[in-house]
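Here the structure is laid out as structure tokens; the discussion comes afterwards.
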Amino acid sequence: MKKGIFNGEKKPVVTIIMDGIGYTERKEGNAIAAAFTPTLDMLWEKYPKFMLKAHGTAVGLPSDDDMGNSEVGHNALGSGQVFAQGSKLVSNAIESEKIFASDTWKKIVEKGLAGGTVHFLGLFSDGNVHSHIDHLKALVKKIKAEGVKKVRIHTLLDGRDVGETSALEYVLPFEEFLSDLRDESFDVKIASGGGRMVITMDRYDANWAMVEAGWKTHVLGEGRTFASAKEAIETYRAETGKIDQDLPAFVIEENGEPVGKILDGDAVVFYNFRGDRAIEISRAFEEKDLPYFDRVRVPDVFFAGMLEYDGDKHIPSHFLVSPPEISNTMGEFLAKNKVPQFAASETQKYGHVTYFWNGNRSGYFDEEFEEYAEIPSDIVPFEQRPWMQCALITDLLIEKIKSGKFSFLRVNFPNGDMVGHTGDFNAARISVEALDICLARILKAVDEAKGVAIITADHGNADEMYEINKKTGLPSVDSNGKIKSKTSHTLNPVPLYIYDNFYTENYETAEVEAPGLANVAATVVNMLGFDAPEMWEKSLINIK
């Protein structure tokens, strides 16, 4: 054990997560750059800073084309480690057969054995961004082995993460795969499909008409009919000249009837592992009152996702693969070493500074040394109150700093992310300004306590509020000339500032190649006087 930076004295380390505050030099559409932020500007100019990778492989996602999110971000921040997420997680669960031991899988099988059809719906390729066809094949093989007699596949054509006209390269071998499985006791067919940018896979509430089109196609069996997926693809390609992602919907029929309507008593598995384009169709199957379109008929089915697509709202209710099993987290380490900890946020991100921070674990490690506080979020659209509850979080944090009770305090301010998701540029700018005011108050309290603050984020969002045309580099516009709002997370790094006015002679910043969110945990425990566990990513500081 080292002395840490405080020479053995009990002083606080305060970690502030500015949710959705990424960094880019681009000014257009950047609500952070547009905001009046004297505190953030001061941190940028005067204090040590790092740019942390907060997406892709740095947080356990399959590729660096995968944007980060709050769940995997807080997993990395709180554990100091990078765990397999998304595609890797699913592949591991299939290989170990854990996926087939889950209660969700057993319920799917139960529906099939009771005479229902098991439907598999998802992106039909090996692009490995949203889904992988090998996952689908493994599920279909296993469902046959379980004794289920009837299975239908609903294929969303890719042409985006794979070759733009490669659909038949997946459909034809898959039809052979199904043919080899098909026998007197196993009825399996492709039932419907269409381009991923035309049906089903909308995101961020951008175009619910896509979901409606998917519902009519997969559930109601309505639309233009064909004898096979091959015929549909070849016909549409000849008629329209469109690439796979834009091909219209199709329904497969036999004897004048759709082969795969979704009916009462069936089970439906959405086999995408990435969440952004899976949430809306999940809601369509699960929500009693859906305001976006008339579903006409809502079958009583058991619906499951491959993963939980929204950790805040728990969408969907049932999923096949649980989040990664994470051990040796910072919270557990500090609790074992009897270091008093405090964690707080408002409802929107409370689970992130507790459950996800602690490795997808509910409750306390040691209640004697931990205190958590949740401030209820406003129940109004966030663009209407872009400051959210940042003042109340700040009041509470300052109170806890002044108490002198806690050595490590962490909070999450959701503003940049939750308001960023609304696509409202001005609201996002105001949300960042509100956050900046709160930071100034917190840093004053940190100074009064002779403590240190680490200010960082879990991923970007408010840093890019406009869709950018990749060819021109300019903001994209719609048919009316209006700039298109971007409501998703970004692939930008996030800043990390070390705010310290007292102890800089006791340490130096470390040379860390490609630092990421997982480097934060070791930094915190080093400051507090502990050697970081060997399995953690390196600290951003070296104690002198």
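Data overview
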| read-out | value |
| --- | --- |
| Unit charges on C-beta of K, R, D, E only; dipole of segment 6-149, Debye | 460 |
| Alpha carbon Rg of segment 379-437, scaled by the compact-globule rule 2.2 N^0.38 Å | 1.27 |
| Note, ³J(HN,Hα) from phi for segment 404-414, Karplus 6.51, -1.76, 1.60, rounded to Hz, x at Gly and Pro | x, 7, 10, 8, 10, 10, 9, 9, 10, 9, x |
| Overall dimensions of segment 29-138 by Cα: Rg and Dmax, Å | 20.5, 68 |
| Cut-off 17 Å (backbone N to label point 7 Å along Cα→Cβ of D65), residues of segment 251-281 | 272-278 |
| Backbone HN-Hα couplings from phi across segment 395-400 [Karplus 6.51/-1.76/1.60, Hz, Gly and Pro as x] | 3, 5, 4, 4, 4, 6 |
| Taking the chain and dividing mean pair separation by its residue count, relative contact order in percent (alpha carbons under 8 Å, at least six apart) | 27 |
| Helix-only mean residue ellipticity at 222 nm for the chain, each DSSP H run of n ≥ 4 adding -39500 (n - 2.57), per residue, nearest 500 | -9000 deg cm²/dmol |
| Per-pair calculated FRET efficiency, R0 = 22 Å: H314 and E110 via Cβ, rounded to 0.05 | 0.50 |
| Exposure proxy ranking, count of Cβ atoms within 10 Å, fewest first, for W208, W215 | W208, W215 |
| Student exercise, the chain dipole from Lys, Arg, Asp, Glu Cβ charges, in Debye to nearest 20 | 640 |
| Residues of type aspartates and glutamates that K230 reaches as a straight line, Cα spacing below 17 Å, ignoring anything fewer than 8 places off in the same chain | D158, E164, E169, E175, E176, E239, D244, D246, E253, E254 |
| Extended-chain gain in nm, criterion 0.36 nm per residue less alpha-carbon gap, E25 and K444 | 148.0 nm |
| Considering only segment 87-305, percent of DSSP beta bridges that pair antiparallel, nearest 5 | 15 |
| By average C-beta atoms within 10 angstrom, highest first, the peptides 70-82, 287-299 | 70-82, 287-299 |
| Added length on full extension, which subtracts the Cα-Cα distance from 0.36 nm per residue, D180 to D531 | 120.7 nm |
| Overall form of segment 87-305 per C-alpha gyration tensor (a/c, 1.5; a/b vs b/c) | rounded |
| Segment 82-222: relative contact order in percent, alpha carbon pairs under 8 Å with at least 6 residues between | 20 |
| Within the chain, percent of DSSP bridges classed antiparallel, to nearest 5 | 30 |
| Under-5 Å amide H pairs with I190, H placed in peptide plane, nonlocal only | I153 |
| Efficiency of FRET between T504 and S362 - r from beta-carbon atoms, R0 35 angstrom, step 0.05 | 0.35 |
| Derived scalar couplings ³J(HN,Hα) [segment 363-374; Karplus, 6.51 cos²θ - 1.76 cosθ + 1.60; whole Hz; x for Gly, Pro] | x, 8, 7, 8, 4, 5, 10, 9, 9, 10, 9, 10 |
| Cα shape, segment 441-544, gyration tensor, a/c 1.5 rule | prolate |
| FRET E, pair I437, E399, Förster distance 25 Å, beta-carbon r, rounded to 0.05 | 0.90 |
| Mean Cβ count within 10 Å, highest first, over the residues of peptides 473-479, 368-374, 273-279, 338-344 | 273-279, 338-344, 368-374, 473-479 |
| Where labels lie 7 Å past Cα in the beta-carbon direction, separation of Y292 and D478 in nm | 1.6 |
| Calculated percent of Cα pairs over 45 Å apart (choose from (1) 25; (2) 15; (3) 21), label | (3) |
| Cut-off 16 Å, label 7 Å out along Cα→Cβ of A514, residues of segment 72-99 by amide N | 81-85 |
| Given K53/K544; K98/K538; K11/K88, the pairs whose alpha carbons are separated by over 29 Å | K98/K538; K11/K88 |
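Every number here is computed from the coordinates shown, using simple stated rules; none is lab data. Here the structure is a predicted model, which is why all the values come from computation and not from measurement. Reconstructed Cβ throughout: ideal geometry from the backbone, glycine too, with neighbour counts over all protein chains shown.
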